[in-house]
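Every read-out reported here was derived from the displayed coordinates using simple, explicitly stated rules and does not represent laboratory data. On a predicted model such as this, the values are computed, not experimentally measured, just so you know. No Cβ is skipped: glycine too gets one built from the backbone with ideal geometry, and neighbour counts run over all protein chains shown.
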Amino acid sequence: MNSTPTLAPWFRLLRLPNLLTVPGDPVAGTLLAAAAVSRVPDGLAMAAAAGASLCLYAFGLILNDLMDIETDRAERPDRPLPSGEITVPQARMAAIAMALSGLNLALTAGRLALYAAAVLAALIILYNGGAKRIPVAGVLTMGLCRGTSLVLGALALGMPASACQWLPVLLAAAGLTLYVAAFSALAAREMEAEKPQGALRWLPFAALLAALPAVLVAAAAQRRPEPLIPVVYVFLMVMTLMRAWLLGGVMYRLQPVPATIGGHIRNLLMAQACFCLAAGSRGLLPALFFVLLSFIFPRLAARFYSS
């Protein structure tokens with residue numbers, strides 16, 4: 001008799017591969033904010049902001065499955081909650097623990113970061129409480145969750161002297177919001193047994209095409225670019241845009257919509273790498289780390305979703 005507990009149901013509940021894309025939002029926000037005010041980023045505050053974002057993301061995933069348990073019983077009975085691999089009380093306690101841990105970690109990063117984390121938690125509750133059933137409101141709320149996560153990291157360094165000083169941060173947050181909202185709209189239509197054609201499938205590419213050059217230009221306008229950093233940024237930006245272009249074009253026609261959504265989620269890591277590089281040489285190592293994660297992501301996803 002095998003009664004050994006396993007973490008596999010929790011990994012499935014939390015959609016383990018997607019968690020790789022979460023810390024990059026606040027890390028990019030912290031680096032962009034630090035570069036804007038010519039400060040050395042506080043490593044502890046950045047790590048706390050990244051941890052807060054990760055915990056709140058996990059809170060949202062668990063809450064989503066708790067709210068949709070009846071639907072999952074009918075349509076996805078193999079999910080951890082309807083299958084009984086994780087009980088509802090266990091999931092509730094885990095959701096509460098993740099929410100409280102996220103808020104506490106945000107407080108470690110500073111009071112302003114805590115306020116941003118509270119807004120993020122409210123958006124997560126709003127989304128799962130009903131906004132996700134409203135077509136436009138649902139995808140925008142999901143996008144705002146990721147944009148707010150980036151702002152959370154920026155606020156770990158405090159409030160800027162002016163909005164202009166924070167322009168790269170705001171542009172990155174807006175681009176992230178629109179990109180996530182765009183591919184979430186594709187995912188929502190796929191759940192309705194439709195495969196969207198025309199302009200909708202190009203919206204993720206359009207969001208990145210607008211955001212990535214804008215962040216580079218705004219960052220360069222604030223300070224003199226360091227040698228080679230803009231060149232590396234442009235190289236990564238072109239790779240990111242090419243991937244988004246293929247996902248909206250050839251790959252969209254050849255593969256199911258869920259595979260396309262997975263590709264866009266993976267591309268978040270490349271966009272985060274670009275945002276880190278816009279902060280200058282201090283963002284080079286984090287950018288390299290997120291690029292490496294983008295290669296790990298499909299392998300982990302293939303192993304995870306095939307198991």
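Dividing the mean sequence gap of close Cα pairs (under 8 Å, 6+ apart) by how many residues the chain holds gives a relative contact order of 21 percent.
Cα convex hull, the chain: 132 Å³ per residue, rounded to a whole number.
Convex hull volume of the Cα atoms of the range 6-152, normalised per residue: 107 Å³.
Residues within the reach of a label modelled at residue 224 (point 7 angstrom out along Cα to beta-carbon, backbone nitrogen below 18 Å), restricted to the range 31-74, are 35-39. When peptides 204-212, 244-252, 173-181 are sorted by average Cβ neighbour count within 10 Å, with the highest value leading, the order is 173-181, 204-212, 244-252. Summary: within the chain, the longest segment free of trypsin sites (Lys or Arg not before Pro) located in DSSP loops with at most 14 other C-beta atoms within 10 Å is 40-222.
Residues of the range 245-271 with an amide N closer than 18 Å to a point placed 7 Å from the Cα of residue 199 along the Cα-to-Cβ direction: 248-249. Computed per residue of the chain from DSSP H runs no shorter than four, each worth -39500 (n - 2.57), the mean residue ellipticity at 222 nm is -25500 deg cm²/dmol.
Taking all Cα-Cα distances within the range 146-189, those exceeding 14 Å account for 53%.
Let me check against my output: what whole-number percent is the relative contact order of the range 234-307, with C-alpha pairs under 8 Å and at least 6 apart?
27
Were the residues from residue 159 through residue 111 laid out at 0.36 nm apart, the gain over their Cα-Cα distance would be 16.2 nm. Only alpha carbons enter this Debye calculation for the range 259-307, each as an equal point scatterer, and the log10 of I(q)/I(0) it gives at q = 0.21, 0.24, 0.32 Å⁻¹ is -0.68, -0.80, -1.09. For residue 70 and residue 292, FRET efficiency with R0 = 35 Å and r from the beta-carbon atoms, rounded to 0.05? Rounded to the nearest 0.05, the efficiency is 0.30.
Once the Cα atoms are used to define both axes, helix 43-67 deviates from the longest principal axis of the chain by about 30 degrees.
The tail of the calculated P(r) for the range 107-160, taken as Cα-Cα distances beyond 14 Å, holds 51 percent of the pairs.
Spacing of the modelled spin labels on residue 90 and residue 125, each 7 Å from Cα toward Cβ, amounts to 2.6 nm. When you work out D = kT/(6 pi eta Rh) for the range 226-296 at 25 °C and 0.890 mPa s, using the Kirkwood radius from C-alpha pairs as Rh and the Stokes-Einstein form, the result is 196 µm²/s.
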